[in-house]
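Peer 1: Have a look at the structure that comes next, please.
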Amino acid sequence: MRVHCTATAQTDIPAPGSVQRFCERTTPYLPEARTEADFITAMRDITRWHQQRSPWYAALLKQNGVQVDGLTTMDSLIALPPVHANFFKQHEVLSVPESAITLHLTSSGTTGQKSQMFFDAFTISHSRRMVDDCMQVRGMVSSEPAHYLVNAYEPHAGLRVGTSNTNQYLMRYAPPAEVFWTLRALGEGQHEFDAFGAVETLRRWAQGSTPVRIIGFPAFLHFTLQRLERMGVPPLQLAPGSAAIFGGGWKGHADQAISKEALHASLGRQLGIAADRIVETFGSVEHSIPYISCTHGHLHAPIWSRVLVRDVATLAPLPHGQAGFLSFLSPYITSVPAHSVVMGDLALLHPAGSCACGTPTPWFEILGRAGTSSNKSCAAAAAELLPAS
């Protein structure tokens, strides 16, 4: 189903001034109280933006009795009807003309129903810059070239999968020397996991002095480390400055999942990557704000969003430490009314100040994906390429 905007077609539609100013902030982590007033204003203005440009969203607000002028507190923003990420698997809902769309991404891999997300220049440029800001703070930006082992779909003509787009973008933080994609493109949209190629590539790179960056799905990293052990390969020592940056879950291969702590230990033991050089990320095509782990492995909220956990039955916000649906508020997106979304992930939210790293914002942990469905995420579709062990 397509529900497009009512605005006159043009390619350059300026976002509300409050939204522009808020999204242009470049310090990722500040106490939420310091940005709350500006956050509320930007959220009110982006809600009005979508109300005025998306007939579907205007109807949603009317159905729920939302008065945009009354969005003056965090509680009123939390009470906005969140749109479930699964909605975008069935509908294309734009708040800008099609002529303003500069990027179209999908959320799933080779199988399953895809989320169709559309980005205008404002949305994609600011969300990418936000990633830059977070990676800079995390110490992942370097001018020294690095080899990349990419546990994701090798690009080919016509591939629009969000994870492959993300991994290509992650290679901007150290100039690529050599790149090896473990999910090799076979043509006609088909991919195959090349475990032996990954092993031999790591062995060769370990003999040199160029740092190695491993990015992509953690399931394929785990499988590669298992293959190294089964082949009797002695522990490798990758060059100083090497790092692992990965995101995506174990969906579709949960029976082989290991804990984050065990995976990090294997990286240190088998490849010599220090714990503080292991970075977890969380994101989706439906919500492109970056969540990047600190040195203690916790996913902190940056200033451009507010993180909630909602009751699975009522969608009411839950206190810290109670499990529910992960949900986000952010004014960053002008192209689609996804400024208040609820995900299919179960999570726990922890208060600001509860992490020993000192980052002054709340953090969350992912418990898994709720329910079962034939709809597959990128990680679930990719996991099907893993051979049975």
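The values are calculated or read from the model by the stated rules, or taken from the named source; none is laboratory data. Just so you know, these numbers come straight off a predicted model, no measurement behind them. Here the Cβ is made from the backbone with ideal geometry for all residues, glycine too, and neighbour counts use every protein chain on show. Just the protein is used for accessible areas: all its heavy atoms, side chains included, with ligands, DNA and RNA removed. Shrake-Rupley method; radii C 1.70, N 1.55, O 1.52, S 1.80 Å.
Peer 1: What spacing in nm lies between the two simple spin-label points modelled at Phe196 and Ala37, each 7 Å away from Cα in the Cβ direction?
Peer 2: 6.6
Peer 1: Please give the residues of segment 345-361, grouped as numeric ranges, whose backbone N is less than 19 Å from a label point set 7 Å along the Cα-to-Cβ vector of His296.
Peer 2: Once the point is set 7 Å along Cα→Cβ of His296, 348-361 turn out to lie under 19 Å by backbone N, inside segment 345-361.
Peer 1: At a 1.4 Å probe radius, carbon and sulfur cover how many percent of the accessible area of segment 35-88?
Peer 2: Carbon and sulfur: 47 percent of the exposed surface of segment 35-88.
Peer 1: Next question, about the same structure. Taking 0.36 nm per intervening residue step and subtracting the Cα-Cα distance, what contour gain separates Met231 from Ala274 on full extension?
Peer 2: 13.1 nm
Peer 1: Using the Kirkwood radius over C-alpha pairs as Rh, can you work out the diffusion coefficient of segment 183-239 via Stokes-Einstein at 10 °C, viscosity 1.306 mPa s, in µm² per second?
Peer 2: Stokes-Einstein gives a translational diffusion coefficient of 128 µm²/s.
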